[in-house]
Amino acid sequence: MTSTIAPSGIDTTASPARALVCRACQARYPLAAQHACYECFGPLEVDYDSAALATVTREQIEAGPRNLWRYAALLPA
């Protein structure tokens, strides 16, 4: 995975997001700007690595900037 730097300077490479998963048929896709399943046209959800997600705390999020980038550790990019 290549490094992705958000406008705030936060490196989102360490994101716990692993793939996109269709809510209807469970088909898996790589992380990309895609919102519908190619198989059944169902909505896609982000599949997170639960072990990595557990390391993100509420305090870390609250300490972040007062914009979208406070959630950078949870974003799928």
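Just so you know, all these numbers are worked out from the coordinates, no wet-lab data involved. Computed from a predicted structure; not experimentally measured. Note that we place each Cβ from the backbone using ideal geometry, even for glycine, and neighbour counts take in every protein chain shown.
A few notes on this one:
- Of the chymotrypsin sites (Phe, Trp or Tyr not before Pro) found in the range 21-77, those that fall in a DSSP loop while having at most 13 other beta-carbon atoms within 10 Å are TYR38, PHE41.
- Extension reserve of the ALA51-ARG28 stretch, reckoned as 0.36 nm per residue once the Cα distance is removed: 6.3 nm
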